[in-house]
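K.L.:
Dropping a structure here in structure tokens format, bear with me for questions.
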Amino acid sequence: MSRIADAPTRAVPWRPSASRATLELRAELLARTRSFFAGRGVLEVETPQLCAATVPDVHLHSVGVRLAAFDRPLFLQTSPELAMKRLLAAGSGPIYQIARAFRDGEIGRRHNPEFTLVEWYRPGLDDHRLMDEVEALLTDLLPAALRAQPAQRWRYRELFRDRLDVDPLGDPLQRLREVAGPTAPPGLERDDLLAFLLTHRIEPGFPHDRLLFVHDFPASQAALARLAPDAEGDQVGRRFEVWAGGLELANGYWELGDPVEQRARFERDLRERKNRGLDAVPIDERLLAALETGFPDCAGVALGFDRVVMLAAGAQHIGEVLAFSIDHA
Amino acid sequence: MASYGMNQLKNGLKLLIDSEPHVVVDLDFVKPGKGQAFTRARVRNLLTGRVTEKTYKASDSVEGADVVDTSMQYLYSDGTEWYFMNPESYEQIGADQAAMGGAELWILEQDVCNVTLWNGQPIQVTPPNFVELTVTRTDPGVRGDTSSGGNKPATLETGAVVKVPLFIQTGEKLRIDTRTGEYVSRAKE
């Protein structure tokens with residue numbers, strides 16, 4: 001009766017997770033991306049994926065690597081931003097990179113722990129001018145149906161007011177909890193609760209026929225963006241995100257260039273890592289040293305390339321646009 | 001019972017949620033561009049069959065439920081409980097109407113069923129996918145139009161009523177798919 005278990009050969013699932021047609025589409029979109037930047041005089045660069053430091057963001061989990069031939073631990077990068085900013089400080093001018101990035105713990109329909117980012121930096125542009133450029137690139141890459149209507153831009157605060165009748169900056173925590181409802185995980189802090197509201201209560205209602213930008217995030221979610229007062233005089237982070245076809249595609253910043261403020265944010269993240277019982281990570285002293293010599297006024301953005309391919313291919317799972325997804329790798 | 005971190009959740013895993021056993025039927029990972037990640041799980045309550053959605057933070061953990069599937073032989077019923085025996089240990093156990101969930105319509109003594117136990121108690125009985133049962137009563141076939149694939153009700157020896165083709169007679173043994181409750185064919189002798 002155990003003929004299945006005793007079978008001499010068992011099929012090893014070796015085949016790609018993407019179809020040949022999707023791989024062709026992926027190659028086509030990569031070529032169009034390179035041509036877009038070549039046409040605008042943006043230099044393609046490649047920076048190391050193995051670095052001595054990594055971002056301390058409590059919600060990002062770097063993959064640590066030990067080499068036999070190197071005496072310090074290294075980290076696979078969660079994005080190429082730290083190294084690219086050092087190139088900018090060294091006077092590179094506008095640069096872009098099509099980079100593999102690695103984030104532990106991120107597996108799902110829209111996430112693969114190893115994925116591809118198109119990340120670029122534009123000296124002289126602010127977040128709004130960079131949104132224009134993101135829109136231009138996505139117009140080159142995405143199917144027409146996903147951009148049939150003109151793109152919309154929402155201030156984070158206005159979006160929450162419009163969709164949930166709540167002020168994410170001004171309303172008390174209790175009010176946000178009421179709006180989140182009983183299915184929200186208990187005990188969420190303010191920023192985590194806002195993340196829940198955005199991903200679970202707002203994002204599912206986003207239109208699928210236009211690009212939608214959200215900008216001016218709460219100051220507490222500024223990450224590596226500079227702060228500025230919004231139209232109502234409250235401090236906001238000059239960050240933006242963009243959605244198309246229900247997928248969050250990109251995260252952009254009017255970059256913080258101040259080394260003192262940058263160090264303070266790294267240290268705050270490290271304290272928060274400790275509070276949450278996460279491993280400490282080394283602070284990127286090389287980046288801070290680079291910022292101290294002067295950093296060009298610039299904006300930068302990271303675009304999830306695999307998700308762009310998903311939208312172009314009509315794929316429901318990220319594995320369909322990767323030659324081999326993590327469970328096939 | 002073990003507890004599971006979000007990275008350990010898988011479809012089919014049995015979890016204790018709000019003090020009741022559930023099985024994971026679908027999982028998704030949800031994360032904003034920056035900030036807190038969530039795991040969204042669709043879970044089926046093994047007592048009620050109801051499917052609900054649960055959202056967890058990346059750092060949450062969930063208690064596992066002691067739920068096991070066992071093959072057991074159906075012995076008899078006293079009208080309120082249906083008794084099953086573990087063929088290896090000869091241990092006997094009674095399942096109530098809720099756990100039977102309609103399985104009693106398809107099984108005869110000696111049939112081997114899948115009995116789902118939670119903390120050792122039966123919560124669900126699943127009959128074999130196909131059973132063979134004898135027709136105890138059905139009207140004689142109506143002459144005439146058989147090409148239209150007409151059918152009629154037939155009562156089986158377990159009391160179940162199924163739709164059968166017009167040519168089936170009382171006393172015949174039929175093959176039934178218990179998942180749909182539908183007639184498949186005459187049983188092959």
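The values are calculated or read from the model by the stated rules, or taken from the named source; none is laboratory data. Because the structure is a prediction, the values reported are computed rather than measured. Cβ sites come from the backbone with ideal geometry, for glycine too, and all protein chains shown count toward neighbours.
K.L.:
Only one of A:Val134, A:Val118 is touching a residue at least 40 places away in the same chain (Cβ under 8 Å), within 19 Å of the chain's Cα centre (by Cα), in a helix (DSSP H, G or I) and closer than 30 Å to A:Leu50 by Cβ. Can you tell me which?
P.N.:
A:Val134
K.L.:
Something else: (1) surrounded by 15 or more Cβ atoms within 10 Å (Cβ to Cβ); (2) out of contact with any Pro (no Cβ under 9 Å at 6 or more places or on another chain): which one isn't true of B:Leu105, the others all being true?
P.N.:
Condition (2) is where B:Leu105 drops out.
K.L.:
To continue, here is another question. Within segment A:156-176, which residues are in contact with a helix residue (DSSP H, G or I) (Cβ under 8 Å, 6 or more places away or on another chain) and within 14 Å of another protein chain (Cβ to nearest Cβ)?
P.N.:
Within segment A:156-176, A:Leu159, A:Phe160, A:Pro168, A:Leu176 qualify.
K.L.:
Okay, moving on. Search segment A:12-44 for residues being surrounded by 13 or more Cβ atoms within 10 Å (Cβ to Cβ) and assigned to a loop (DSSP other than H, G, I, E, B), and hand back the single one that is nearest to the chain's Cα centre (by Cα).
P.N.:
Among residues in segment A:12-44 that are surrounded by 13 or more Cβ atoms within 10 Å (Cβ to Cβ) and assigned to a loop (DSSP other than H, G, I, E, B), the one nearest to the chain's Cα centre (by Cα) is A:Val42.
K.L.:
Residues that are aromatic (Phe, Trp, Tyr) and buried (at least 16 other Cβ atoms within 10 Å of the Cβ): list the strands (runs of 3 or more DSSP E) wholly contained in segment A:149-267 that include at least 1 such residues. If you could, list the steps in order and put the result at the bottom.
P.N.:
Details: elements: A:152-155, A:212-218, A:227-229, A:235-244, A:247-254.
Those strands (runs of 3 or more DSSP E) span A:152-155, A:212-218, A:235-244, A:247-254.
K.L.:
Something else now. So B:Arg175 passes all but one of these: (1) assigned to a loop (DSSP other than H, G, I, E, B); (2) among the basic types (Lys, Arg); (3) farther than 30 Å from B:Asp66 by Cα. Which condition number does it fail?
P.N.:
Every listed condition holds for B:Arg175 apart from (1).
K.L.:
Let me ask another. Testing A:Asp279 on (1) within 20 Å of A:Leu212 (Cβ to Cβ); (2) within 14 Å of another protein chain (Cβ to nearest Cβ), one condition comes back false. Which one is that?
P.N.:
(1)
K.L.:
Name every residue in segment B:7-29 that is in contact (Cβ under 8 Å) with a residue 24 or more places away in the chain and either in contact with an Asp or Glu (Cβ under 6 Å, 6 or more places away or on another chain) or assigned to a strand (DSSP E or B) (or both), in order of residue number.
P.N.:
Across segment B:7-29, the qualifying residues are B:Lys14, B:Leu15, B:Leu16, B:Ile17, B:Glu20, B:Pro21, B:His22, B:Val23, B:Val25.
K.L.:
Now a separate question. Taking segment A:222-243 as the search range and keeping residues that are small (Gly, Ala, Ser) and either within 20 Å of A:Ala299 (Cα to Cα) or touching a Lys or Arg at 6+ places or on another chain (Cβ under 7 Å) (or both), which one is nearest to the other protein chains (Cβ to nearest Cβ)?
P.N.:
If we take residues in segment A:222-243 being small (Gly, Ala, Ser) and either within 20 Å of A:Ala299 (Cα to Cα) or touching a Lys or Arg at 6+ places or on another chain (Cβ under 7 Å) (or both), then A:Ala223 is nearest to the other protein chains (Cβ to nearest Cβ).
Residue-wise test of (1) farther than 24 Å from B:Met6 by Cα; (2) basic (Lys, Arg); (3) without any contact (Cβ under 8 Å) to a residue 24 or more places away in the chain.
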{"site": "B:Lys34", "(1), (2), (3)": "no, yes, yes"}
{"site": "B:Thr39", "(1), (2), (3)": "no, no, no"}
{"site": "B:Arg44", "(1), (2), (3)": "no, yes, yes"}
{"site": "B:Leu47", "(1), (2), (3)": "no, no, no"}
{"site": "B:Arg50", "(1), (2), (3)": "no, yes, yes"}
{"site": "B:Glu53", "(1), (2), (3)": "no, no, yes"}
{"site": "B:Ser61", "(1), (2), (3)": "no, no, no"}
{"site": "B:Val67", "(1), (2), (3)": "no, no, no"}
{"site": "B:Ser77", "(1), (2), (3)": "yes, no, no"}
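K.L.:
Applying the selection to segment B:131-145, what residues are of a type in the set (D, E, K, R), at pLDDT 65 or above and in a loop (DSSP other than H, G, I, E, B)?
P.N.:
Result: B:Asp139, single match.
K.L.:
Can you name the residue in segment B:10-23 that is under 21 Å from A:Ile326 (Cα atoms) and in contact with a strand residue (DSSP E or B) (Cβ under 6 Å, 6 or more places away or on another chain) and is also nearest to the other protein chains (Cβ to nearest Cβ) among such residues?
P.N.:
Taking segment B:10-23 and keeping what is under 21 Å from A:Ile326 (Cα atoms), we get B:10-13.
Filter once more, keeping what is in contact with a strand residue (DSSP E or B) (Cβ under 6 Å, 6 or more places away or on another chain): B:11, B:13.
Working: B:Asn11: 13, B:Leu13: 15 Å.
The residue in question is B:Asn11.
K.L.:
Could you tell me whether segment A:104-112 includes any residue that is within 30 Å of B:Ala37 (Cα to Cα), modelled with pLDDT under 95 and part of a strand (DSSP E or B)?
P.N.:
yes
K.L.:
Can you say whether A:Pro48 is in a loop (DSSP other than H, G, I, E, B) and in contact (Cβ under 8 Å) with a residue 40 or more places away in the chain, as far as the supplied structure shows?
P.N.:
So A:Pro48 fails the test.
K.L.:
Hey, among A:Ala180, A:Ala195, A:Ala219, which residue is within 11 Å of another protein chain (Cβ to nearest Cβ) and in contact with a Gly (Cβ under 9 Å, 6 or more places away or on another chain)?
P.N.:
Numbers: A:Ala180 fails: in contact with a Gly (Cβ under 9 Å, 6 or more places away or on another chain); A:Ala219 fails: within 11 Å of another protein chain (Cβ to nearest Cβ).
Just one listed residue meets the conditions, A:Ala195.
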